[in-house]
Amino acid sequence: MKRYYLFAFGISWVIMIFASLYAVRFGRQVFQLVLAGVMFVPVLSVLLSGGSLKGMGWKPSFSGKKKYYAIAWFLPGIVVTAGAALFCLIFPGSLDLSGSAMAAQAGQEVLDAIQAQGMSYSMYLAVSALQCLTIVPLINMIPACGEESAWRGYMTPHLKEKYGREKGLVISGIIWGVWHWPLIILAGYEYGVQYFGAPFLGPLLFCLITIALGILTDYVYERTQCIWVPAIMHGSFNAWATLPAAAVSPSYAMYSVLGPAPVGLISALPMMLCAYMIFRKRGKLYGLR
């Protein structure tokens with residue numbers, strides 16, 4: 001496993017640091033492609049370290065397991081939407097459907113291009129949500145599997161065997177979170193650059209998020225024994241995660257460690273609650289078949 005960690009972190013961190021330092025020069029689209037590409041480094045690291053990808057359940061089986069496919073597909077949207085709504089209830093002035101968030105994040109020209117198509121910003125958000133419900137999880141599933149086959153399929157079983165199920169899951173989530181740290185610290189990934197508690201609070205909080213999401217993805221993997229199912233959940237979460245910040249005023253950007261994206265402490269509460277219920281009731285809901 002030491003060789004696996006060396007490759008997974010060594011290769012990924014070199015790419016992340018280089019991409020973060022030159023993000024402005026590369027441009028937003030190139031940077032996003034680099035982020036998608038680095039998601040395949042963990043599975044590559046399994047092979048480089050002499051590990052095996054066999055027995056992870058590459059062939060889907062739906063018999064008696066359809067509800068877990070549905071959980072993987074739809075639960076991220078439910079918890080992300082609930083978390084964003086909770087954030088907006090606590091900060092009632094944060095909701096902004098004018099498109100100012102889009103203009104601040106991607107540039108006024110992107111917002112102008114949307115409006116030039118005769119589409120209001122509210123309609124754009126609705127169409128984006130529909131895509132998150134349908135096709136985007138399948139698209140995101142491919143790069144997500146580059147991580148899930150390594151984290152859930154290879155690493156987590158080793159950690160659960162060595163430390164026990166509960167400790168193994170927590171350690172797995174922390175490792176997954178730390179893997180993202182160069183992007184969070186150097187490129188403002190997920191939280192931006194100027195936020196409350198920067199630059200230390202974001203990386204620490206992100207580990208709580210990956211622990212919770214790791215418990216959920218491991219749950220559907222345990223119940224289906226198909227690696228594509230946690231990849232779908234991961235892909236669905238990534239799809240939905242970008243929407244809440246697009247509907248909130250840019251003036252709340254400094255509160256990104258609280259929400260509205262599901263990596264904020266307040267907006268992550270619904271997901272954390274689901275993960276906690278599974279974690280605590282492992283004998284009834286998790287460990288037994």
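The values are calculated or read from the model by the stated rules, or taken from the named source; none is laboratory data. The shown structure was predicted, so the numbers you read here are calculated from the model rather than taken from an experiment. Virtual Cβ from ideal backbone geometry, glycine too; neighbours counted across all protein chains shown. Side chains are part of the model used for accessible areas, which takes the heavy atoms of the whole protein and leaves out ligands, DNA and RNA. Shrake-Rupley method; radii C 1.70, N 1.55, O 1.52, S 1.80 Å.
Would a scan of the range 139-146 turn up a residue that is more than 30 Å from residue 215 (Cα to Cα), open to solvent by less than 50 Å² (accessible area, probe 1.4 Å) and either at pLDDT 95 or above or part of a loop (DSSP other than H, G, I, E, B) (or both)? No, the conditions are met nowhere in the range 139-146. Within the range 211-252, the only residue that satisfies the criterion of being among the polar types (S, T, N, Q), in a helix (DSSP H, G or I) and more than 26 Å from residue 59 (Cα to Cα) is 251.
Out of all the residues in the range 153-180, which are open to solvent by 40 Å² or more (accessible area, probe 1.4 Å), under 19 Å from the mean Cα position of the chain (by Cα) and in contact (Cβ under 8 Å) with a residue 24 or more places away in the chain? Passing the criteria: 170, 174.
Let's see how each residue does on (1) among the hydroxyl-bearing types (Ser, Thr, Tyr); (2) part of a helix (DSSP H, G or I):
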| residue | (1), (2) |
| --- | --- |
| 32 | no, yes |
| 37 | no, yes |
| 46 | no, yes |
| 51 | no, no |
| 56 | no, no |
| 61 | yes, no |
| 76 | no, yes |
| 80 | no, yes |
| 102 | no, yes |
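The residues on offer are 64, 27, and the sole one that is closer than 26 Å to residue 271 by Cα, surrounded by fewer than 17 Cβ atoms within 10 Å (Cβ to Cβ) and at pLDDT below 95 is 64.
Residue 258 meets the stated requirement of being open to solvent by 10 Å² or more (accessible area, probe 1.4 Å) and in contact (Cβ under 8 Å) with a residue 24 or more places away in the chain. Considering every residue within the range 179-195, establish whether at least one is polar (S, T, N, Q), at pLDDT below 95 and touching a helix residue (DSSP H, G or I) at 6+ places or on another chain (Cβ under 9 Å). Yes: one or more hits.
Residues of the range 113-157 being more than 19 Å from residue 240 (Cβ to Cβ) and among the aliphatic types (A, V, I, L, M), which ones? Within the range 113-157, 113, 114, 116, 119, 150, 155 qualify. As a summary of the residue check, residue 8 satisfies the conditions (1) surrounded by 17 or more Cβ atoms within 10 Å (Cβ to Cβ); (2) closer than 19 Å to residue 190 by Cα except for the one numbered (2).
Taking the range 114-138 as the range and being open to solvent by 50 Å² or more (accessible area, probe 1.4 Å), without any contact (Cβ under 8 Å) to a residue 60 or more places away in the chain and assigned to a helix (DSSP H, G or I) as the test, the residues that pass are 115, 116, 122, 123, 124, 126, 127, 130, 133. Listed conditions (1) open to solvent by 10 Å² or more (accessible area, probe 1.4 Å); (2) closer than 26 Å to residue 13 by Cβ are all met by residue 263, apart from (1).
Taken as a whole, the condition of being buried (at least 17 other Cβ atoms within 10 Å of the Cβ) and either assigned to a helix (DSSP H, G or I) or modelled with pLDDT under 95 (or both) does not apply to residue 110.
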